[in-house]
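The values are calculated or read from the model by the stated rules, or taken from the named source; none is laboratory data. Source: prediction; values computed, not measured. All Cβ positions, even for glycine, are placed from backbone atoms using ideal geometry, and neighbour counts span all protein chains on display.
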Amino acid sequence: MPKPKERSDSEPRLGATAKFAYDRMTVERFRNAFPRARWNEEQRSWFVPGKTAGKRIAQWLARESENLDLYADAKGRDAYAFDPISSQYLQIEDDIQIRTPYSRDVVEQLRLIPWARWDDEMHAWRVPFRSYEALRRSWPDIDAAARASEPEERKRRKEAEKHTAKSERAKLRYAERRRRRYPVPAGALPPIGQAVTTCSYRVVIIAEVAGEYAEPDDIKRFYPHAAGDPRDFVWVRWRPASLAELVATWPAREKPNAFEKARGWWRPVLDELREARSEARRLERKKQRRTAPPSERARGAAHEGTH
């Protein structure tokens, strides 16, 4: 019996790509409809394998469009006109554009807004008017987090916290982070050289197993997720993941379960990879500006601190 012909690496795969404005719920619906879809970071699109992928994607997009309220944006504009949000962080164009100092709390809040998305080119979050009511409900928290992240406010808090117990704890945590070690159960070691999400340091690359047992006092002080666990823990060494490594990492299909969280590491899911890639890009741009001519550094500094 003849063997089936194997596809060479250079032979293009059958399939089609899908692009749509990112929001968490839409991505979940898409992945439920196309479980074999894979995100292509370079093309910023989803690849769906199969001969009929293009037709199936078109049908799915059509259904998504039908489910949208055709008058939702108009209603949102009316709601804004009646009860506008007045803020230095907002700019009203065809949609609502939001620029704030970087704050993880702001990012988390905006990710919960339906159809909100980050625009890399504009360096702004863009929210369609159909989501105005959701944005208005969340705005007090977003505004407070943004104001707390202003450089002057950060500086004021830093000065006020000097020589306090909180400041001393922060110094100890910083010193521990610089050691780039992480406790894992001796019987559940993470893969070496691959990206994993950790409870304390988010997405990192595990460099090696140190072979040294972690002391319970160190675990209790710096790693509360493992405190009280009767298992033996050993130290592994980690390093930050490069953008290339993050792009090459396939996301996990499912969110981490209780067992994975208890051991302190798991394969990163798509949202975790998105955040890690965004941070890696920011660091790369910052590094490039350091070596750029003065005129380019000044232009790039205008975007520093926004997200």
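Taking the range 242-266, which residues are under 16 Å from the mean Cα position of the chain (by Cα), of a type in the set (A, V, I, L, M, F, W, C) and modelled with pLDDT under 95?
Result: 243, 244, 246, 247, 248, 250, 252.
Looking only at the range 64-118, which residues are farther than 14 Å from residue 132 by Cβ, buried (at least 17 other Cβ atoms within 10 Å of the Cβ) and not aliphatic (A, V, I, L, M)?
89, 99, 100, 101, 103, 109, 111, 117, 118
What pairs come up if the first residue lies in the range 188-200 and is over 27 Å from residue 170 (Cα atoms), the second is not in a strand (DSSP E or B), and their beta carbons are under 6 Å apart, counting only those six or more places apart or on different chains?
188/263
Quick check on residue 258: is it assigned by TED's automatic domain parsing to the domain that holds residue 192 and within 30 Å of residue 26 (Cβ to Cβ)?
Here the answer is yes, as residue 258 does meet what is asked.
Yes or no: residue 127 surrounded by 14 or more Cβ atoms within 10 Å (Cβ to Cβ), at pLDDT below 95 and closer than 30 Å to residue 236 by Cβ?
Taking the combined requirement at face value, the residue does not satisfy it.
Any idea which of (1) under 17 Å from residue 267 (Cβ atoms); (2) at pLDDT below 95; (3) under 24 Å from the mean Cα position of the chain (by Cα) is the one residue 174 doesn't satisfy?
(1)
Looking for whichever is under 30 Å from residue 34 (Cα atoms), of a type in the set (Lys, Arg) and under 28 Å from the mean Cα position of the chain (by Cα) here; the options are 147, 99, 130, 137. Which one fits?
130
Is it the case, given these coordinates, that residue 118 is in contact with a strand residue (DSSP E or B) (Cβ under 7 Å, 6 or more places away or on another chain), in contact (Cβ under 8 Å) with a residue 24 or more places away in the chain and outside the structural domain of residue 243 (by TED's automatic domain parsing)?
Yes; evaluated as a whole, the condition is true for this residue.
Kindly indicate whether residue 197 is modelled with pLDDT of 95 or more, among the hydroxyl-bearing types (Ser, Thr, Tyr), under 24 Å from residue 103 (Cβ atoms) and not assigned by TED's automatic domain parsing to the domain that holds residue 88.
Taking the combined requirement at face value, the residue satisfies it.
When you go through (1) outside any loop (DSSP other than H, G, I, E, B); (2) aliphatic (A, V, I, L, M); (3) touching a strand residue (DSSP E or B) at 6+ places or on another chain (Cβ under 9 Å) one by one for residue 144, which number turns out not to apply?
(3)
Can you give me the number of residues within the range 142-158 that are surrounded by 14 or more Cβ atoms within 10 Å (Cβ to Cβ) and charged (D, E, K, R)?
3
In the range 26-54, which residues are farther than 14 Å from residue 15 by Cα and surrounded by 12 or more Cβ atoms within 10 Å (Cβ to Cβ)?
26, 27, 29, 30, 31, 33, 41
If you take the residues of the range 257-277 that are among the aromatic types (Phe, Trp, Tyr) and touching a residue at least 24 places away in the same chain (Cβ under 8 Å), which of them is surrounded by the fewest Cβ atoms within 10 Å (Cβ to Cβ)?
Applying the filter and picking the extreme gives 266.
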